[in-house]
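Below you'll find the structure, written out as structure tokens, and then a few comments.
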Amino acid sequence: MDRAGTPLVWYVSYGSNLRSSRLAYYLAGGVMPGTTHTYPGCRDRRPPRAAAPLLLPGSVYFALESKVWGGGMAFYDPTVPGLAAARAYLLSRQQFVDVAAQEMHREPGGDLDLTALTAPAGRRGAGRAVLGPGRYETVLLVGYWGPVPLLTFTAPWVLADVALTAPSGAYLDMLAAGLGESHGWPPARIAAYLAGLPGARGVWQPDEIAGRLIAAEATEPA
């Protein structure tokens with residue numbers, strides 16, 4: 001909890017919310033330029049208290065089809081060998097619940113039953129709360145930063161159980177920008193990472209992704 005007694009969590013993003021300006025629409029609401037989806041926002045619209053880069057055990061992969069970006073969406077499978085680049089945002093528990101609700105296509109304002117996340121170690125389902133059968137309806141406890149839990153959401157299935165879908169260029173652009181912003185990686189490393197993820201591998205080449213990122217950086221205002 002913070003000094004005012006507000007429960008805090010680290011929201012761990014590995015997809016488009018790697019970029020803070022993207023997460024801002026989940027928090028404050030509105031329509032992000034280049035998209036048509038309206039985000040209702042959180043009850044508490046304040047920005048994150050802190051943010052930090054992370055590497056999680058497992059892999060990001062692309063599947064299904066995004067209604068916002070087209071192409072595959074990013075999901076996280078902690079059972080796959082490797083490391084997944086992520087970013088942790090320090091939010092109130094209420095903000096996390098409202099962000100998760102929006103990802104689940106639910107109206108923010110309620111609560112989520114996350115008791116399974118804190119079940120005793122070794123008990124079946126510990127660290128995993130399945131809130132529905134759909135995309136992003138499974139919340140995972142991926143660790144702790146001090147006393148504060150690190151929470152993310154993904155699909156209830158694993159990589160081996162789903163058909164892969166290549167991500168769109170616009171979606172990769174957002175992920176690439178978020179990786180540069182959060183991890184400080186150069187374009188070549190960002191491109192190699194994204195091009196190697198299941199769903200993108202063999203469809204997107206590293207030089208394509210790096211070229212798009214460099215071009216985007218060149219047109220951004222100073």
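Between THR38 and TRP145, the FRET efficiency from the beta-carbon distance, with R0 = 30 Å, is close to 0.40. In the context of the full set of protein chains, residues of the chain present 46 Å² of accessible surface per residue (probe radius 1.4 Å, heavy atoms only). Using only side-chain charges placed at the Cβ, +1 for Lys and Arg and -1 for Asp and Glu, the dipole size of the stretch 96-222 relative to its Cα centre rounds to 540 debye.
Most simply put, the chain has about 90% antiparallel DSSP beta bridges, counting only bridges with both residues inside it. Over every Cα atom in the stretch 1-130, the radius of gyration and the widest Cα-Cα span, Dmax, amount to 15.3, 45 Å. Note on the stretch 80-107 and the stretch 1-74: Cα centroid distance 6 Å, given to the nearest whole angstrom. In the chain, the portion of solvent-accessible area held by carbon and sulfur atoms comes to 57 percent [1.4 Å probe, whole percent, DNA, RNA and ligands not counted]. Which one of LEU164, PRO108, SER21 is farthest out on the positive end of the charge dipole of the chain, using unit charges on Cβ (Lys, Arg +1; Asp, Glu -1) and the Cα centre as origin? It is PRO108.
Could you list log10 I(q)/I(0) for the stretch 164-222 at q = 0.13, 0.15 Å⁻¹, which the Debye formula gives when each Cα is one point scatterer? Computed log10 I(q)/I(0) values: -0.28, -0.37. Each listed q (0.10, 0.11, 0.15, 0.17 Å⁻¹) maps to a log10 I(q)/I(0) for the chain, found by the Debye formula over equal Cα scatterers with no solvent: -0.42, -0.52, -1.00, -1.31.
Under a model in which nothing but the beta-carbon of Lys, Arg (+1) and Asp, Glu (-1) is charged, the chain shows a dipole of about 460 debye around its Cα centre.
The angle between the Cα long axis of helix 206-219 and the main principal axis of the chain comes to about 80°, on a 0 to 90 degree scale.
The values are calculated or read from the model by the stated rules, or taken from the named source; none is laboratory data. Quick caveat: nothing in here was measured; it's all calculated off a predicted structure. Counting neighbours? That spans all protein chains shown, and the Cβs are built from the backbone with ideal geometry, glycine included. Areas reflect the complete protein model, heavy atoms only, side chains present, ligands, DNA and RNA absent. Shrake-Rupley method; radii C 1.70, N 1.55, O 1.52, S 1.80 Å.
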